[in-house]
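First the structure, in the form of structure tokens, and then the observations on it.
The values are calculated or read from the model by the stated rules, or taken from the named source; none is laboratory data. What you see is a predicted model; the values in this text were computed from it and never measured. Every residue, glycine among them, receives a Cβ derived from its backbone with ideal geometry; neighbour counts consider all protein chains shown.
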Amino acid sequence: GASAPDPERTASVRALLRGADAGRRRKDRTMTVLMWSAFALAMVPLVSVAWTVVVHGMERFDVYFLTHSMRGVFGGMDAGGIYHAILGTLLITLGAAVISVPIGLLAAIYLVEYGRGPLARAVTFFVDVMTGIPSIVAGLFAYALFAVVFGPGVRMGIVGSV
């Protein structure tokens, strides 16, 4: 049959495990302190830059800054605003949506309703490839393609939408 555990042996095993646990807890506390210290150290420049931007930026952030463009502003002039940037961002986003939403919806409908055969496999392959590529890489590729087709230095707003 089964024999009862030896109390002395059990006590020595428990003492050994307690010592190992104490060492692990000490290492865990040490590493926790090191990680929090590294985090705090890394936050110093981030908080410093954010504080500087907010303190100096709030002086300039007003209705004029939001409603005037940079037209006619050059060099160290203390004038101009971000109206052109806001409008440009909205136009490029609208252009990108006008291009991509119909293509995406039609591709999805095709794949779900009719997607059989080699064309469906090709569309699925390209969808998988596009989901794996960062958008900045795809955008740079499209911009480079436009530069090759239209020549370098061409300035067309629609290129940003593609």
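A few notes on this one:
- Residues (surrounded by 10 or more Cβ atoms within 10 Å (Cβ to Cβ) and outside any helix (DSSP H, G or I)) located in the stretch 1-31: 6
- Number of the exception - residue 77 against (1) under 17 Å from residue 157 (Cα atoms); (2) not assigned by TED's automatic domain parsing to the domain that holds residue 156: (1)
- Scan of the stretch 122-162 for residues that are among the aromatic types (Phe, Trp, Tyr) and either more than 21 Å from residue 95 (Cα to Cα) or under 22 Å from the mean Cα position of the chain (by Cα) (or both), ordered by number: 125, 126, 141, 143
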